[in-house]
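Here's the structure we're looking at; comments come further down.
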Amino acid sequence: MNGLSTLPSTAEQARHALLLLGAPASPRLVADVHAALFDGDLTVPALAALLRDRSSGLCAALDQDLSPVRGLIALGDWELDRRIVTPAARRADALAMVIRVAGFVAMRPGLAAHRLLRSLAETVPHGPEAADLTDAAATALAAPELVSALAAEEPVRAAAVARAAALPRSQQLFGLPQVPHQRGPA
């Protein structure tokens with residue numbers, strides 16, 4: 001047996017799934033999307049190893065304080081505003097992901113893709129019973145509550161992007177180091 005493989009590397013597999021998703025996502029979702037829609041053997045442990053390898057092109061998403069968001073991975077070459085997550089933006093991204101995946105599945109149907117859509121439907125209001133998951137996700141994305149929450153978060157996100165732009169590239173990718181809590185003067 002030779003060591004040659006025609007499968008993309010683990011980093012390339014993760015990149016394919018994240019490009020389809022279009023926003024920071026959980027390693028489980030990245031692995032599930034890749035397993036359902038692409039050829040390969042991407043696993044959650046492999047994604048965790050990629051996150052530890054700072055040369056992989058993957059990084060953690062950042063919160064508004066520029067700390068890494070536990071459980072969300074992103075592509076390092078995405079713009080800062082795409083890698084910074086806030087609650088409403090995360091919800092909007094999740095709905096947009098469902099729309100993107102559903103569009104892709106329409107072009108590449110299959111049993112695994114159908115199972116993926118069924119699990120994603122659980123995250124969309126009225127998704128499990130919707131005749132068209134894309135329409136249900138688009139309706140939820142256009143909901144006035146979500147639109148106003150996104151507008152309210154925009155100044156916070158813009159300030160975080162401005163702060164991050166002044167940081168070295170490594171901190172833009174991996175966030176600010178956590179400073180241990182110090183006790184006050186004795």
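The values are calculated or read from the model by the stated rules, or taken from the named source; none is laboratory data. Since the model is a prediction, treat every value here as computed from it, not as a measurement. Glycine also receives a Cβ, built like all others from the backbone with ideal geometry; neighbour counts cover every protein chain displayed.
Miscellaneous remarks
- Some residue of the range 144-152 being modelled with pLDDT of 95 or more, touching a Ser or Thr at 6+ places or on another chain (Cβ under 6 Å) and surrounded by 13 or more Cβ atoms within 10 Å (Cβ to Cβ): no
- Comparison of 112, 162 shows that the only residue that is closer than 15 Å to residue 66 by Cα and assigned to a helix (DSSP H, G or I) is 162.
- Any hit, the range 53-71, residues being surrounded by 16 or more Cβ atoms within 10 Å (Cβ to Cβ), at pLDDT 95 or above, of a type in the set (Val, Ile, Thr) and within 25 Å of residue 153 (Cα to Cα): no
- Complete set of residues in the range 110-143 that are modelled with pLDDT under 95, more than 20 Å from the chain's Cα centre (by Cα) and either among the aliphatic types (A, V, I, L, M) or within 20 Å of residue 18 (Cβ to Cβ) (or both): 111, 112, 130, 131
- As a summary of the residue check, residue 107 satisfies the conditions (1) surrounded by fewer than 14 Cβ atoms within 10 Å (Cβ to Cβ); (2) closer than 20 Å to residue 21 by Cβ; (3) at pLDDT 95 or above except for the one numbered (3).
- Test: residue in the range 121-129 that is outside any helix (DSSP H, G or I), closer than 26 Å to residue 50 by Cα and touching a residue at least 12 places away in the same chain (Cβ under 8 Å): no
- Residue in the range 29-48 that is modelled with the highest pLDDT, counting only those that are touching a Ser or Thr at 6+ places or on another chain (Cβ under 8 Å) and among the aliphatic types (A, V, I, L, M): 31
- Qualifying residue in the range 43-61 (condition: assigned to a helix (DSSP H, G or I), closer than 16 Å to residue 173 by Cβ, charged (D, E, K, R) and without any contact (Cβ under 8 Å) to a residue 60 or more places away in the chain): yes
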